[in-house]
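Input: a single structure, listed below in structure tokens.
The values are calculated or read from the model by the stated rules, or taken from the named source; none is laboratory data. The structure displayed is predicted, hence computed values, not measured ones. Glycine also receives a Cβ, built like all others from the backbone with ideal geometry; neighbour counts cover every protein chain displayed. To get the accessible areas, we keep the full protein, side chains included, count just its heavy atoms, and leave off ligands, DNA and RNA. Shrake-Rupley method; radii C 1.70, N 1.55, O 1.52, S 1.80 Å.
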Amino acid sequence: MVATSLKETGDVFNSPPDLVPSPPTLAAYSDAVFGDSAVLQGIWSSTIITIPTLLLTLALAVPAAYGLARFSLRINGIVMLLMLAAQMLPTISLALPMFAIFSDYGLVDTYAGLIIANTSLALPFAVVMLRPYMLAIPQDLMDAGLLDGCTGFRAFVKIGLPLVQPGLVMVATLTFVMTWGEFVFGLTLATSDAIQPITVVLNRFVAQFGTQWTNLMAVSTIIAIPIVVIFVLLQRYVVAGISEGGIKD
């Protein structure tokens with residue numbers, strides 16, 4: 001992808017392909033990224049959608065996972081089953097009903113609508129992944145906090161949350177990746193160029209009569225940079241979070 005983005009248009013079809021562009025050129029980046037206002041707007045839209053979705057997902061998933069872990073209710077099993085089932089639904093099967101519902105509330109072609117839609121997709125995953133961490137919080141520590149004068153909420157914030165930090169980082173990272181790369185909601189719920197995320201804008205480089213390969217790969221590289229940087233910086237937390245969450249009861 002990076003090599004193709006640095007090639008001249010005619011060099012893309014060389015056989016055998018050149019793994020290292022000679023000479024490399026930044027023409028595709030100048031043209032398709034910094035010279036295209038739609039791409040810059042798409043990156044900005046994706047940022048506006050992704051960050052609130054991440055924060056809202058964590059704000060809802062943390063108390064939900066804690067409640068499912070700490071309170072033995074008869075509906076806990078049913079709730080977890082429904083959340084697991086929600087992960088199996090194709091995104092396109094959710095997008096069309098959402099479009100109909102959002103139309104009634106004026107949420108189509110708004111950032112708020114896309115944030116709600118992406119949160120609905122990420123939330124079940126986040127709750128399922130966080131619940132094992134909440135189960136592993138020692139009840140003795142929580143009780144000690146209550147004896148020291150903390151309220152239940154304060155004990156959870158001061159004692160419980162620091163213990164589940166690897167899980168929070170893992171869920172936050174994967175939620176960011178899911179939302180940043182989401183395409184279907186952006187295509188169906190955003191009808192104007194000003195709202196569409198970068199994944200939808202990227203699709204414009206694939207035309208009916210040809211694909212602008214160098215431009216396509218240049219924009220794809222820009223899209224991939226935040227994901228690569230996040231995983232490089234947080235990979236040990238993500239791997240540890242998935243491993244620990246998978247073996248806890």
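In table form, for the structure just shown:
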quantity	calculated
Helices (runs of 4 or more DSSP H) completely within region 1-112 that count 2 or more residues being of a type outside the set (Ser, Thr, Tyr), under 30 Å from Thr188 (Cβ atoms) and in contact with a helix residue (DSSP H, G or I) (Cβ under 8 Å, 6 or more places away or on another chain)	37-70, 76-86, 91-104
Failed condition for Thr9, given (1) closer than 25 Å to Met134 by Cβ; (2) surrounded by fewer than 16 Cβ atoms within 10 Å (Cβ to Cβ); (3) of a type in the set (Val, Ile, Thr)	(1)
Filter result for Leu96 (in contact with a Lys or Arg (Cβ under 8 Å, 6 or more places away or on another chain) and at pLDDT below 95)	no
Residue satisfying all of: in region 28-85; of a type in the set (D, E, K, R) and open to solvent by 50 Å² or more (accessible area, probe 1.4 Å); farthest from Leu123 (Cα to Cα) among these	Asp31
Which numbered condition Pro124 misses (of (1) in contact (Cβ under 8 Å) with a residue 12 or more places away in the chain; (2) open to solvent by less than 70 Å² (accessible area, probe 1.4 Å); (3) more than 23 Å from Met178 (Cα to Cα))	(3)
Near pairs, Cβ below 9 angstrom, 6+ apart or cross-chain, from region 133-154 (touching a residue at least 24 places away in the same chain (Cβ under 8 Å)) to any residue that is assigned to a loop (DSSP other than H, G, I, E, B) and open to solvent by less than 40 Å² (accessible area, probe 1.4 Å)	Tyr133/Val164; Met134/Val164; Ala136/Val164; Ile137/Val164
Residues that are open to solvent by 30 Å² or more (accessible area, probe 1.4 Å) and either of a type in the set (Val, Ile, Thr) or closer than 30 Å to Pro162 by Cβ (or both), drawn from region 86-120	Ala86, Gln87, Thr91, Ile92, Ile101, Val108, Thr110, Ile116, Ser120
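Yes/no matrix, rows are residues, columns are (1) open to solvent by 50 Å² or more (accessible area, probe 1.4 Å); (2) touching a Leu at 6+ places or on another chain (Cβ under 8 Å):
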site: Gln139; (1), (2): yes, no
site: Val157; (1), (2): yes, no
site: Gln165; (1), (2): yes, no
site: Ile195; (1), (2): no, yes
site: Val206; (1), (2): yes, yes
site: Ala218; (1), (2): no, no
site: Ile222; (1), (2): no, no
site: Val229; (1), (2): yes, no
